[in-house]
Amino acid sequence: MLTHIHIQNFTIVHSLSLDFQNGLSVLTGETGAGKSIWIEAVALALGARADNNVIRHGQTRCEITLCFDLKDQPNAQAWLKENDYDAEDECIIRRILNREGPSRASINGRPCPLSQLRELADLTLNIHGQHEHQTLLKREVQQNRLDTFAKHEALLDKTQQLYQQWHKAEKQLNILKQQAENRDAEITLLRYQLDELTTTNLKENEWTELSHQHQQLHNASELITQLNDAIAYTVENEETSAIQLLQQAIDTLNDIKLDDVQINAARELLNTAVIHLQEAGNELHQYRNNLDLSPETLSQVEQRLSSLHELARKHHVNPENLNKTQASIEQQLQQLENVETHIETLQQAQENALSQYKKIAEKLTQSRKKVAKKLDKSITQSIQELGIEGGLFRVNFERCDNPINPYGDEKVLFEVSTNPGQPFQALHKVVSGGELSRISLSLQVLTSQKENTPTLIFDEVDTGIGGKTAEIVGKLLRQLGEHAQVLCITHLPQVAAQGHHHYKVAKSTDGNSTSTQVAQLSEKDRVNELARMLSGSKITEQTLAHANELLS
């Protein structure tokens, strides 16, 4: 549930803080007062894209903070825990836009990317816009509404998984079948390449070792001189080698006829150093004696490097990757030689995926048809109450042509008959704007009851209706507010009167700047606001009485 929103320097809002409660909260105000600004701010805080034009004129940045109570939202708490955000009962989301520099966002004080804000938004809040009824004309939206109403998430996840398995096997089969057509020529080429690589008798890390050896051979004279100098400095020079100097130091200490702890410790360290120097000298001797720096060896190494380089050029790889190339060719050759077996295995996997898919898809079909009857009845009743007298609604199904589809075996089509005796037709063919908005509202209210989202925002979804129909819309929203938090922007007094809580949006100016404020209304102020909505600026005793009647 959304408990608090704070907006700073957003469009014409200087500073705004609002607390929200459970139930139906309505927001009203004169045209142009900025009723939808706070919804735009909520969307921005939850990851919507925006540029710095939304920052209030004359300011360098804007900030939006949302507070949610998640104690009854285990899915949102689990998401926070999984993504290493503090998963307490309260969740605080903050979004900051800077006129210069990037925007910043955080969840519970920790920086986060916009993609994660959107993921969390799906678990906490849903915005139904005033133009949402236009999207209802899209068949994929209609199917999504039906599946939401039926809670088909698990079945749809399974059909999509099986479709992906089938589709992956299909792609691999097409590749293998194409390879099978040119198999003989391909096998001949691969065998020739493999024979050439095998004959070369590649060794692990050979290129790296040969390159190192070539460098040694190329600088043979300098290397020998350096090694001889190092050996002389270490052990061989009888007067100035490190080991001779150390030995002289030890002999000098031995001449001291004093039993002293520090001198004894120093003598022990020097003896240890002599041992290390002897070992270093042995290592250098052995390395020098094992070197093969003959011109013949250099020629052999250069020939080997040249042949490996030429082989790598043929295969368009670096010489150090020739071993991997050989392994890859062996794998390709094995796959081609056993292509029929691989094809049979993939075909079996594909058949298994299709068989499982058919079972799940049939369950999905039967569930959709069963739920569609309930939806037909509920929407028909709702649209008749909303002023489409004699109107009928039904969900129709068309079988898909493909043997397997990610969303089941059928396509959903919403159809309506708006007058008695009139045949059913698709929504986009027969429904006027006003009728479509009422059908959309009925669907939004019914399907929202099935959603797990605790906060629902309706932005002037009651456009195009009035009178008794408006009162019914208000009752629908209030009914929805009994088990979810509903925030509704409305211009209809009949809808506003149904709210558990009422907020008024007002715009003011000092001649230099314009600002929007929102305040929660007392019972008295609420009567006055409803009277304004009923009659405009001139409020009479009659309109006040009518407003009181609406509230009661």
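Return the residues of the stretch 102-150 that are modelled with pLDDT of 90 or more and touching a Pro at 6+ places or on another chain (Cβ under 8 Å); say none if nothing qualifies.
Of everything in the stretch 102-150, those that are modelled with pLDDT of 90 or more and touching a Pro at 6+ places or on another chain (Cβ under 8 Å) turn out to be R104, A105.
Quickly run through the stretch 517-531 and pick out the residues that are touching a helix residue (DSSP H, G or I) at 6+ places or on another chain (Cβ under 6 Å) and either surrounded by fewer than 19 Cβ atoms within 10 Å (Cβ to Cβ) or of a type in the set (V, I, T) (or both).
The one that is touching a helix residue (DSSP H, G or I) at 6+ places or on another chain (Cβ under 6 Å) and either surrounded by fewer than 19 Cβ atoms within 10 Å (Cβ to Cβ) or of a type in the set (V, I, T) (or both): V527.
Can you pull out the residues in the stretch 51-68 that are under 20 Å from R118 (Cβ atoms) and either of a type outside the set (S, T, N, Q) or assigned to a loop (DSSP other than H, G, I, E, B) (or both)?
D51, V54, C62, E63, I64, L66, C67, F68 - these are the residues of the stretch 51-68 that are under 20 Å from R118 (Cβ atoms) and either of a type outside the set (S, T, N, Q) or assigned to a loop (DSSP other than H, G, I, E, B) (or both).
Going through the stretch 519-551 one residue at a time, which ones are under 16 Å from G29 (Cα atoms), outside any helix (DSSP H, G or I) and either of a type in the set (V, I, T) or at pLDDT below 90 (or both)?
A519, G536, S537, K538, I539
Got a sec? Which of K35, K71 is crowded, with 21+ Cβ neighbours inside 10 Å, not aliphatic (A, V, I, L, M) and not in a strand (DSSP E or B)?
Details: K71 fails: crowded, with 21+ Cβ neighbours inside 10 Å.
Exactly one of K35, K71 is crowded, with 21+ Cβ neighbours inside 10 Å, not aliphatic (A, V, I, L, M) and not in a strand (DSSP E or B), namely K35.
Of the conditions (1) within 30 Å of R438 (Cβ to Cβ); (2) touching a residue at least 40 places away in the same chain (Cβ under 8 Å), A48 clears all except one; give me its number.
Condition (2) is where A48 drops out.
One residue is enough: does the stretch 85-98 have a residue meeting the conditions of a type in the set (S, T, N, Q) and modelled with pLDDT under 90?
no
Quick one: which helices (runs of 4 or more DSSP H) sit completely within the stretch 261-349 and have at least 3 residues that are out of contact with any Leu (no Cβ under 7 Å at 6 or more places or on another chain) and within 27 Å of T234 (Cβ to Cβ)?
Qualifying helices (runs of 4 or more DSSP H): 261-290.
Take the residues in the stretch 385-438 that are buried (at least 18 other Cβ atoms within 10 Å of the Cβ) and among the aromatic types (F, W, Y); name whichever of them is farthest from A150 (Cα to Cα).
Among those residues, the one meeting the criterion is F393.
Among all residue pairs at least 6 apart or on different chains, which show Cβ distances below 7 Å where the first residue, located in the stretch 393-416, is in contact (Cβ under 8 Å) with a residue 40 or more places away in the chain and closer than 19 Å to K363 by Cα and the second is among the hydroxyl-bearing types (S, T, Y) and crowded, with 18+ Cβ neighbours inside 10 Å?
Note: pairs meeting the criteria are I404/Y163; I404/Y357; N405/Y163; P406/T159; P406/Y163; Y407/T159; G408/T159.
Tell me, yes or no, whether the stretch 10-27 has at least one residue that is of a type outside the set (D, E, K, R) and in a helix (DSSP H, G or I). Outline the logic, then answer.
So in the stretch 10-27, the residues of a type outside the set (D, E, K, R) come out as 10-18, 20-27.
With in a helix (DSSP H, G or I) added as a condition, the list becomes none.
No, because not a single residue in the stretch 10-27 is of a type outside the set (D, E, K, R) and in a helix (DSSP H, G or I).
Identify, from the list L477, L521, the residue that is under 21 Å from S448 (Cβ atoms) and under 43 Å from the mean Cα position of the chain (by Cα).
Selected residue: L477, the only one of L477, L521 that is under 21 Å from S448 (Cβ atoms) and under 43 Å from the mean Cα position of the chain (by Cα).
The values are calculated or read from the model by the stated rules, or taken from the named source; none is laboratory data. Predicted, not measured: the structure shown is a model, and the values here were computed from it. Virtual Cβ from ideal backbone geometry, glycine too; neighbours counted across all protein chains shown.
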